[in-house]
Structure formats: C-alpha cells, structure tokens
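**Student:** After the structure tokens below, expect a handful of questions from me.
The values are calculated or read from the model by the stated rules, or taken from the named source; none is laboratory data. The structure presented is a predicted model; accordingly, all values stated were derived computationally and were not measured. Positions of Cβ are backbone-derived with ideal geometry, glycine not excepted, and every protein chain shown enters the neighbour counts.
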Amino acid sequence: MAVPKAAVVLRHVKSVMVRFCPFQTNVETTRIFLEHVNSKKARASNISCVVTTDVRHDGSEPVVDIMFADGDRLIMKGANLTAAEMLSAFNSRCIAKDLKAEEKTKKKGA
Amino acid sequence: MAAAALCCRGLCRTGWLPTLQIVRHAKSVTRHWKAMHFERQKLMAVTEYIAPKPEKCIAPRSKAVTEENGYAKLLRWQVTETFRDSKMIAVCQHNFTPSEEMLLMKHRLRKHNIHVKFFPNEIVRPYLSVSKYKNLLPLFVGCSLMLVSPEIKVKEMLRILKNVPQINLLGACIDNTILSNQGVINYSKLPAMAITQGQVVGTLSLMASQTCGLLQHSSAHLAALLDQYIKQQSGGAGETDGKAGEGQAELGPAKSSAGL
C-alpha cells in the first residue's frame with residue numbers, strides 16, 4: 001500500500017515513543033512510521049517534540065505511543081497495521097486538534 | 001411508413017428507378033436496440049474475428065532475456081567484499097540526519113577505521129539469504145545503514161552513536177556472532193582480552209598453589225603444636241630448675257657411671 005505523501009506535522013505532539021524488536025518480521029510498518037516522524041519537515045514543525053526509540057530483543061509487539069500536548073494519548077500497535085493506516089490515524093487526530101484550536105481562537109477573538 | 005409504402009408501390013409497378021429516392025427513412029441511431037440491416041449482419045458474420053487456438057501456434061513467444069544492470073553488479077560485488085572483509089558489521093535504522101551531523105559522524109567513525117555504508121535492500125537481501133548472515137535479514141527493512149570495520153571497536157562506535165539520536169542501532173554481527181542492541185552494549189562492557197586471560201590463568205593457578213600449602217599444613221601444624229608444648233614444658237620446669245638442676249646433675253654422673 002503506497003504511503004501518502006502528506007507530511008507528518010508534530011505541532012500538537014509532546015512526545016513520540018516507538019518501541020520495537022528489529023529481529024521480528026512484523027516491524028516494517030513501525031519503522032516506516034518512525035522514518036516519517038523523524039523526517040525533515042516533521043522535525044521542523046515542532047523542535048520541542050521528543051522522539052525516542054526503544055530497540056529491544058524480547059519478542060514484544062511493535063508499539064507507537066504518542067503523547068499530545070493537551071494530554072491525549074494515542075497508542076498504535078503496529079504488528080498488523082500498514083504504515084498508511086498509522087499515518088492516516090495520526091494525521092486525522094492532528095487535524096481534529098487543529099480545528100479545535102481554530103475554534104477556540106475564533107471564540108476568543110469574538 | 002407512408003413513404004416506405006410509396007417506395008414499395010413504385011418498385012412493384014415500375015422497377016427500380018434510380019431517380020426514385022427515399023426521402024423519409026427510419027433513423028439509424030436510435031435510443032432503443034435496433035437490429036442491423038441484413039447486409040450488415042452478413043458482413044459482420046463474415047468478418048468476425050477468430051482467435052488462433054493454442055495448438056495451432058507454432059512456437060510460444062520467448063521472453064527477451066533482460067540483462068542485469070551493471071551498477072547492480074557493482075553494488076553486489078561491493079556488498080560481498082564488505083561482508084567478507086569486515087569483522088564488525090553494525091546495522092542501524094537511518095532516520096533523517098542533517099548533512100553536517102552526518103559528515104561529523106562519518107569523520108569521527110573514520111578516525112577509528114569504521115566505514116559507513118549504504119546499500120539498497122534489493123541488493124543486500126538476496127545476498128544475505130544465500131550467505132551465512134541469514135539471520136540479519138529482518139534488519140534490512142526500510143532505510144538502513146551499515147557501520148563496518150575490519151577491527152572490533154565497539155566502545156568507540158557506541159560513544160559516537162550516542163551523540164547522534166537519529167541513528168538507532170538495531171543489531172550487529174561481531175566476530176561471526178549476531179548480537180542485539182543490548183548484546184552490543186554488554187560486549188562493550190567486557191574487559192580486554194589480555195585482562196580476561198590473566199584472570200583465567202590466575203584462577204587456574206590459584207588451585208595449584210593452594211595444593212602445596214594444604215599438603216604441608218598438617219605437618220606444620222603438628223610441629224607448631226610440639227614447639228608450643230616444649231616451650232610450655234620448659235617454661236614450667238624453669239621455676240624448679242634451681243632445685244632439680246643439682247639433682248639432675250648428680251643423677252647425671254651416677255647414670256653415666258652406671259652406664260659405664
């Protein structure tokens with residue numbers, strides 16, 4: 001499945017923790033997600049966002065744990081997900097938060 | 001319909017007159033399905049496509065042999081050489097790194113004779129599946145880079161990689177042993193070979209050195225006890241030396257005369 005070309009925006013993200021075991025075979029999509037999160041545009045969108053990678057060798061499932069600035073938490077288990085699905089789930093939440101922020105600013109302005 | 005009737009009457013009575021032309025006719029393009037003209041049906045039937053049957057084909061079409069790309073051959077040769085000449089091969093996940101940081105990291109690693117290699121997965125995976133490094137296959141997925149060196153300098157490599165958070169160590173093959181991330185860290189904490197050999201030799205020789213002491217221990221202990229006894233005896237008899245000394249002296253010559 002082709003990965004969408006839309007860039008990952010980390011504006012509302014406080015921290016991203018990616019944990020995987022590289023010797024497993026179901027890790028490809030998690031690694032692709034990690035590459036996208038660490039891309040140039042993503043890092044430029046939020047310099048204060050902390051991206052940590054936990055490389056283990058215990059046969060555990062690959063997990064992506066995203067902590068948003070407003071306290072929300074998104075946990076994605078990447079064993080049976082495609083990279084496109086993970087990115088679209090993450091982007092949809094970011095867009096929803098963008099809309100909320102815009103509404104708040106409009107209310108404040110009004 | 002009326003026009004068609006006129007036409008028919010004309011045909012029956014006067015023959016086919018070229019000047020008699022049908023002014024009104026049915027439309028050729030209709031919204032409903034309309035049967036083709038009979039002549040057209042005959043033409044379509046005659047010119048229908050008949051596909052050639054496979055048995056009638058003389059020979060199957062042979063696929064043109066695609067020659068291998070020269071660049072792919074070169075990369076494969078480089079991969080083979082890299083895996084053959086390196087004692088330490090570390091595989092890392094390569095996320096985006098600014099070019100200055102990358103250059104600095106390459107420079108620091110080059111000081112310790114560690115080379116940074118990028119190979120496409122399409123070249124590396126077929127080579128690995130055939131070679132003895134089969135178990136490294138799962139690591140070569142996505143964007144990865146290799147740190148190779150003919151020497152084993154794990155501590156220096158880990159120290160340099162700590163400064164570059166975008167490069168994540170996934171695993172390594174050091175001295176024909178595949179290690180995970182934690183395994184590489186444990187390997188770096190091991191003492192040097194000379195120190196380890198000295199420790200082994202010391203442990204083995206400790207047993208041998210103790211044997212001599214154990215054998216002599218019992219006789220030495222007995223000698224010490226006898227010494228102690230003699231001292232005690234001589235110390236207790238020292239008080240009566242003055243009295244018993246003369247008696248002993250008298251006894252001594254008497255004994256000696258008796259002996260004679």
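**Student:** Could you tell me which of the residues A:Arg31, A:Arg93 is modelled with pLDDT of 90 or more, within 13 Å of the chain's Cα centre (by Cα), closer than 15 Å to B:Gln93 by Cα and among the charged types (D, E, K, R)?
**Tutor:** After applying the criteria, what remains is A:Arg31.
**Student:** Out of the residues in the stretch B:163-176 that are more than 14 Å from every other protein chain (Cβ to nearest Cβ) and within 17 Å of B:Lys87 (Cα to Cα), which is farthest from the chain's Cα centre (by Cα)?
**Tutor:** Among those that are more than 14 Å from every other protein chain (Cβ to nearest Cβ) and within 17 Å of B:Lys87 (Cα to Cα), it is B:Asp175.
**Student:** Please list, ordered by residue number, the strands (runs of 3 or more DSSP E) wholly in the stretch A:39-81 having 1 or more residues that are surrounded by 15 or more Cβ atoms within 10 Å (Cβ to Cβ) and more than 15 Å from the chain's Cα centre (by Cα).
**Tutor:** Here the list reads A:50-55.
**Student:** Mind checking whether some residue in the stretch B:121-136 is under 19 Å from A:Ser39 (Cα atoms) and exposed (fewer than 15 other Cβ atoms within 10 Å of the Cβ)?
**Tutor:** no
**Student:** Kindly list, by first and then second residue, each pair from a residue in the stretch A:34-50 that is away from every other protein chain (no Cβ under 12 Å) to a residue that is of a type in the set (A, V, I, L, M, F, W, C) and part of a helix (DSSP H, G or I), limited to pairs with Cβ atoms under 9 Å and residues at least 6 apart or on different chains.
**Tutor:** Final answer for the pair search is A:Cys49/A:Val37; A:Cys49/A:Ala42.
**Student:** Could you tell me whether the stretch B:145-162 includes any residue that is within 21 Å of A:Thr29 (Cβ to Cβ), surrounded by fewer than 18 Cβ atoms within 10 Å (Cβ to Cβ) and more than 10 Å from every other protein chain (Cβ to nearest Cβ)?
**Tutor:** Step one: list which residues in the stretch B:145-162 are within 21 Å of A:Thr29 (Cβ to Cβ), which gives B:145.
Narrowing further to those that are surrounded by fewer than 18 Cβ atoms within 10 Å (Cβ to Cβ): B:145.
Subset that is more than 10 Å from every other protein chain (Cβ to nearest Cβ): B:145.
Yes, some residue in the stretch B:145-162 is within 21 Å of A:Thr29 (Cβ to Cβ), surrounded by fewer than 18 Cβ atoms within 10 Å (Cβ to Cβ) and more than 10 Å from every other protein chain (Cβ to nearest Cβ).
**Student:** Can you confirm whether A:Val8 is outside any loop (DSSP other than H, G, I, E, B) and out of contact with any Pro (no Cβ under 7 Å at 6 or more places or on another chain)?
**Tutor:** The answer is no for A:Val8.
**Student:** Sticking with this structure for a sec: Can you tell me which condition B:Ile152 does not meet? The list is (1) without any contact (Cβ under 8 Å) to a residue 60 or more places away in the chain; (2) assigned to a loop (DSSP other than H, G, I, E, B), and all the others hold.
**Tutor:** Only one criterion in (1) without any contact (Cβ under 8 Å) to a residue 60 or more places away in the chain; (2) assigned to a loop (DSSP other than H, G, I, E, B) is unmet by B:Ile152, namely (1).
**Student:** Taking the conditions exactly as written (of a type in the set (S, T, N, Q), surrounded by 15 or more Cβ atoms within 10 Å (Cβ to Cβ) and in contact with a helix residue (DSSP H, G or I) (Cβ under 9 Å, 6 or more places away or on another chain)), does A:Thr25 satisfy them or not?
**Tutor:** Judged against the criteria, A:Thr25 is not a match.
**Student:** Name the pairs: first residue in the stretch B:83-104 and facing chain A (nearest Cβ under 9 Å), second residue assigned to a helix (DSSP H, G or I), Cβ to Cβ under 6 Å, at least 6 apart or on different chains?
**Tutor:** Listed by first residue and then by second, the contacts come to B:Val91/B:Leu139; B:Asn95/A:Glu35; B:Phe96/A:Lys40.
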